[in-house]
Amino acid sequence: MKKICLILFYFLSYSFFAQTYTLSGKVTDTKKNAMPFASVVVKGTTIGTNSNADGFYHLKLQAGTYEILFQYIGYKKETKSITLNADATLDAALADDSYQLKEVTVKAGEDPAYEVIRQAMKKRKYYLNQVNAYSCKAYIKSLQRLKGVSKAMSKLISVSGEKFDSSMLGVIYLSESESKYYFRKPDDEKEIMFSSRVSGNNQGFSFNQLSDMKLSFYENLITIDGLADRPFISPINETAFLSYRYHLLGTTFEDGKMINKIEVLPKRLTDPCFHGIIYIQENTWRIHSVDMYLTKDAKINFVDTLFIKQLHAPVLGDSIWMPINLNFGFHFNFLGIKGDGYSNAMLSGYEINPDFSKKFFKNEVLKVEDQANKKDTAYWKENRPVPLTAEEVVDYHKKDSTAKRKDSKEYKDSIDHKANRFKPGALLLGYHYQNTFKKTNFSTTGLINGGVQYNTVEGINSSMNLNYEKRYEDFRRQEIAGTVRYGFSNYLWGGKLSYTYLQKPEKFQRFGVVLQSMVEQYNANNPISPIMNSAYTLLANDNYLKLYKKTSAQVNYRRELFNGLILSASAEYAERDALKNTSNYLWIDDKSKLFTSNDPLHPSTDNLLFKTNNAFIVDVNFRIRFKEKYYTVPHRKIITGSKYPRINIGYTKAIPTLNATANYDLVKINIQDDIKLGLFGTFAYRANAGYFINNTTMYFMDYKSFNGNQTILANRDYLNSFKLLPYYMYSTNKEYIELHAEHHFNGFIFNKIPLLKKTKIQEVIGGHALFNDKLSNYYEVNFGLENIFKVVRFDYVLAYGIQGKVTNGFLVGLGFDF
């Protein structure tokens, strides 16, 4: 009995002393204006929180006496003492920091800020490499608002068949996440998201990632993926004096240490530079905090202005400072759509130089745990470190309630019933039918998007595509696709039916079957656009498209064997039939030209290129990329890239069996990579080589044909195509090597030329080469302008090798595929 009482006493004592209370309040300036995302921490620790967008905070602490430190960039820190034995309120009103110009020895004509920046430059590498490894916990909240839509744009926008109206303004995305982040130099990182909530979507996962927000101004160049094609220059970059002007606004003292407040301004508005203020501690020359922004002048995409704030604080004595508060804010106005938003990260629980096991860092850089989005509102109420604003509370309540209603079968059926109505326009643009509750949809193309085209083999031809898809909760997917085609001149029907089953999305495992009897281009890569060929045939007497009929059955399979190695394999039995021209219709008759035959090798004769033949072809390919990085989310794997090139090794075998006569063996390799070169742009290359180790019996569609071009419109796959090479003149059944390379300067040159630097037009150069038995050497050099109106690209091309002559041409294309 005595032992039981003793245990009970210890239990009650521990419960009393471990009692947790909530300290809450509001952080404002001295004029009572709310201070969003202010830092509130227990002095001397990393235990803390941030205020929300309205300035309110709450902090859960055990009973005891604490010194609470309130901090906001550009304001004086304030420390308040409180004893907690119940829930309590503690407000803070922070005063503007009074920065005064210090007395310094100034070089003639030089602002004192320059000497501070020089010292910070000298210490840049030290602080960049001071911490070899660390871990921390991150809470991130992201919000995006739609503020307004022009009348013209509102007419084009519809949601679930309903016209846009003002009720759709306001918060359009709200999410929260909790994660643990691990880092080790030089570039090992891993983030585990264990909690995720998205307003109105209980099946979704937050886009929040600390790795996307973790920018270091100690780096010479700062890359913000997706925001711009080029990195941005840090204000303490070792060559920053070439890009920035500095002005010392004043100094103040914080905990006995002097802080320099320095304004940074780009020397040229269009340089990839920040505007704003950097705070640097005297003597240690470390970054205390930054308050920067980027504008459209710096050629950023998607947003007009991006604001970046970082607050650093000591996490290990006073020797090591780390970011504790990261904030991105933005405004946008695009095509009459206006909005704003923010992402705010609160970092806590730093562990400096932890001892990671050798296998801790592999290639998985982000893992979203299976139950991350299953946490209920009670969990978030208990664990959310930053309170919701009134706007966020309303959005969660509204969208979560609406989501429950919209998730019902009755609601989905009612929406589908309205959306599935057949309209006359479907004849031209196609028809779409969906059953949202069962996750199925069916679609067909119309006369316009299905394609009414013209070529000299089929004459006018029309196609209709049909597609059925069934999706599952675990992201498996089954798809049945079909095509019906008819040529009005050769009276030839064609059809194609395929079935694909994505069995294991996390392993990219897919199985497929394809049955067809339809015309195809001799080059299976389809280098000639049927629409462009139609235009050239009807208007310029150039019938570039060369077709044959293939009747085949194929099975294919794809799976990741292990990270970085993907197997793709297929087996196909096909009957191939030659076709002749049957139409000579045109709109403009150029008397100096005649249509060529459908024989790619003998354009002046209309004899059949080959007799009907059969082929049984097996193809095996391995896609290899060493140390490939990836994200893991429930039931899916998302590849993010690698610092190593991608290698594809393949083997194709035509087996003479089952009445098949084709007999050849081809080994091939492809190596490709995109290399970021900082301010100098991006260099990309593709190298292909192959060798027919056996070419006993081959037909022209078995040859290796190269992606050439004979039109003014460039092939959209710039890095796997030639610009002026005839389509089939140099196809081969022996060895070949083709090389493609381009360098995208991303404005590095034009940014220094008046007038041009105000545009977003960018410069690009490229080189291409081909070597095979038909053409000992062929070279191309192209000089281009891209990003014209964001999507248009224009190239001038010089080529050498065809009959020993130099040729040239101009091409227009869409440059966004790169």
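Mind putting together the pair-distance distribution for the stretch 707-796? All Cα pairs, 5 Å bins, whole percent per bin, short to long.
Histogramming the stretch 707-796 at 5 Å steps yields 3, 13, 22, 21, 14, 11, 8, 5, 3, 1, 0 percent.
Can you give the convex hull volume per residue for the Cα atoms of the stretch 392-442, as a whole number of Å³?
95 Å³
For the stretch 53-59, take each phi angle, set θ = phi - 60°, evaluate the Karplus expression 6.51 cos²θ - 1.76 cosθ + 1.60, and give the result in whole Hz per residue in order, putting x for glycine and proline.
5, 9, x, 8, 9, 9, 9
Relative to the longest principal axis of the C-alpha atoms of the chain, give the angle of the C-alpha long axis of helix 113-128, reported between 0 and 90° and rounded to the nearest 10°.
In the chain, helix 113-128 runs at an angle near 70 degrees to the longest axis.
Once you treat every alpha carbon in the stretch 360-423 as an equal point and sum by Debye, what is log10 I(q)/I(0) at q = 0.25, 0.28, 0.29 Å⁻¹?
-1.11, -1.19, -1.21
What whole number of Å gives the distance from the Cα centroid of the stretch 114-136 to the Cα centroid of the stretch 672-707?
So the two Cα centres are separated by 44 Å.
When a/c reaches 1.5 or more, the comparison of a/b and b/c decides; with that in mind, is the stretch 771-818 rounded, prolate or oblate per its Cα gyration tensor?
On the way: a/c = 4.33, a/b = 2.40, b/c = 1.81.
Because a/c hits 1.5 or more and a/b exceeds b/c, the stretch 771-818 counts as prolate.
I want to check the label-to-label distance for Leu427 and Tyr557. Put each point 7 Å from Cα in the C-beta direction and report it in nm to one decimal.
The answer from the label model is 4.7 nm.
Gap in Å between the Cα centre of the stretch 183-243 and the Cα centre of the stretch 265-338?
12 Å
Name the residue from Thr759, Asn782, Asn688 whose Cα lies farthest towards the positive end of the charge dipole of the stretch 659-818, charges +1 on Cβ of Lys and Arg and -1 on Cβ of Asp and Glu.
Thr759
Mind checking the stretch 50-143 for GluC sites (Glu not before Pro) that DSSP puts in a loop (not H, G, I, E or B) and that have at most 11 other Cβ atoms within 10 Å?
In loop regions of the stretch 50-143 (DSSP not H, G, I, E or B), the sparsely surrounded GluC sites (Glu not before Pro) are Glu103, Glu110.
Between the helical axis of 2-17 and the dominant principal axis of the chain, each derived from Cα atoms, what acute angle in degrees is found, rounded to the nearest 10?
80 degrees
How large is log10 I(q)/I(0) at q = 0.10, 0.13, 0.15, 0.17 Å⁻¹ when the Debye formula is applied to the Cα atoms of the stretch 598-746, each weighted equally and without solvent?
Normalising to I(0) and taking log10 leaves -0.52, -0.81, -0.98, -1.13.
Computed from the mean reciprocal separation of all distinct C-alpha pairs, what Kirkwood hydrodynamic radius does the stretch 676-740 have, in Å?
13.8 Å is the Kirkwood radius here.
How big is the dipole moment of the stretch 689-752 about its Cα centre under a simple scheme where the beta carbon of each Lys and Arg is +1, that of each Asp and Glu is -1, and everything else is neutral? Debye, nearest 20, please.
200 debye
From the P(r) of the stretch 186-315, could you give the percentage of C-alpha pairs in the tail past 21 Å?
Numbers: 4185 of 8385 pairs.
When every Cα pair of the stretch 186-315 is considered, 50 percent fall beyond 21 Å.
Give me the 1.4 Å probe accessible area per residue for the stretch 506-618, excluding ligands and nucleic acids, in Å².
Details: 5570 Å² over 113 residues.
Value returned for the stretch 506-618: 49 Å² of accessible area per residue.
Based on the alpha carbon coordinates of the stretch 319-454, what radius of gyration and maximum Cα-Cα distance (Dmax) apply, in Å?
24.2, 74
To the nearest 500 deg cm²/dmol, what mean residue ellipticity at 222 nm is calculated for the chain from DSSP H runs of n ≥ 4 alone, each contributing -39,500 (n - 2.57), summed and divided by the residues? Don't jump to the answer; show the numbers that get you there.
Working: 10 runs with 96 residues, N = 818.
Mean residue ellipticity at 222 nm (helix-derived): -3500 deg cm²/dmol.
Going by the alpha-carbon gyration tensor, a ≥ b ≥ c the square roots of its eigenvalues, is the stretch 243-359 rounded (a/c under 1.5) or, if a/c is not under 1.5, prolate (a/b greater than b/c) versus oblate?
On the way: a/c = 2.30, a/b = 1.35, b/c = 1.71.
In terms of gyration-tensor shape, oblate.
Would you mind computing the Rg to Rh ratio of the stretch 249-318 from its alpha-carbon coordinates, Kirkwood style for Rh?
1.07
What ratio of Cα Rg to 2.2 N^0.38 Å holds for the stretch 338-395?
Details: Rg = 16.8 Å, N = 58, 2.2 N^0.38 = 10.3 Å.
The reported ratio for this selection is 1.63.
Taking a virtual spin label 7 Å from the Cα of Ile765 along the C-beta vector, which residues in the stretch 716-752 bring their backbone nitrogen under 20 Å of it?
Residues 718-724, 739-752 fall inside that zone.
What is the helix-to-structure angle for 390-406, meaning the angle in degrees between its Cα long axis and the longest Cα principal axis of the chain, kept from 0 to 90 and rounded to the nearest 10?
40 degrees
How high is the relative contact order of the chain? Use alpha-carbon pairs under 8 Å, at least six apart in sequence, and give a whole percent. List each step's numbers first, then the result.
Working: 1955 pairs, mean separation 57.7, N = 818.
In percent, rounded to a whole number, it is 7.
Relative to 2.2 N^0.38 Å, what does the C-alpha radius of gyration of the stretch 585-681 come to as a ratio? Two decimals please. Walk me through the intermediate numbers first.
Values: Rg = 23.4 Å, N = 97, 2.2 N^0.38 = 12.5 Å.
Computed over Cα atoms of the stretch 585-681, the ratio equals 1.87.
Hey, can you grab everything whose amide H is under 5 Å from the amide H of Met258? Only 5+ residues off in sequence or another chain; H modelled, so Pro and N-termini drop out.
For Met258, whose amide H was placed from the backbone, the distant partners under 5 Å are Glu282.
Take the Cα atoms of the stretch 300-353, find their three principal axes, and give me the spread along each one in whole Å, biggest first.
51, 16, 15
Cα-Cα pairs above 56 Å in the chain: how many percent?
When all Cα pairs of the chain are counted, 22 percent exceed 56 Å.
How big is D for the stretch 543-598, in µm² s⁻¹ as a whole number, if Stokes-Einstein is applied with the Kirkwood radius of its Cα pairs at 25 °C and 0.890 mPa s?
D = 157 µm²/s.
Counting only protein heavy atoms and using a 1.4 Å probe, what share of the accessible area of the chain belongs to carbon plus sulfur, as a whole percent?
Details: 23800 of 40850 Å².
C and S fraction of accessible area: 58 percent.
Pairs Lys412/Lys439; Lys611/Lys774; Lys26/Lys147; Lys296/Lys757; Lys546/Lys774; Lys653/Lys774: which exceed 18 Å Cα-Cα?
Pairs exceeding the cut-off: Lys611/Lys774; Lys26/Lys147; Lys546/Lys774; Lys653/Lys774.
Among the chymotrypsin sites (Phe, Trp or Tyr not before Pro) in the stretch 538-593, which ones are in a DSSP loop with at most 14 other Cβ atoms within 10 Å of the Cβ? Mind listing them?
Hits after loop and neighbour filter: Tyr585, Trp587.
Using the Cα gyration tensor of the stretch 28-71, with a ≥ b ≥ c the square roots of its eigenvalues, what is the shape: rounded (a/c below 1.5), prolate (a/b larger than b/c) or oblate (neither)? All intermediate terms of the calculation are to be shown ahead of the outcome.
Values: a/c = 2.23, a/b = 1.98, b/c = 1.13.
In terms of gyration-tensor shape, prolate.
Once you have the Kirkwood Rh of the stretch 454-555 from its Cα pairs, apply Stokes-Einstein at 4 °C and 1.567 mPa s and quote D in µm²/s.
Rounded to a whole number, D works out at 84 µm²/s.
Residues with beta-carbon under 10 Å from that of Phe360, excluding Phe360: net charge, scoring Lys, Arg +1 and Asp, Glu -1? Could you put the intermediate results ahead of the total?
On the way: positive: Arg184, Lys190, Lys358, Lys359, Lys362; negative: Asp188, Asp355.
Here the charged neighbours net out to +3.
The values are calculated or read from the model by the stated rules, or taken from the named source; none is laboratory data. Since we're looking at a predicted model, the values are computed, not measured. Cβ coordinates were reconstructed from backbone atoms using ideal geometry, including for glycine residues, and neighbour counts include every protein chain displayed. Just so you know, the surface numbers come from the protein's heavy atoms only, side chains and all, with ligands and any DNA or RNA stripped out. Shrake-Rupley method; radii C 1.70, N 1.55, O 1.52, S 1.80 Å.
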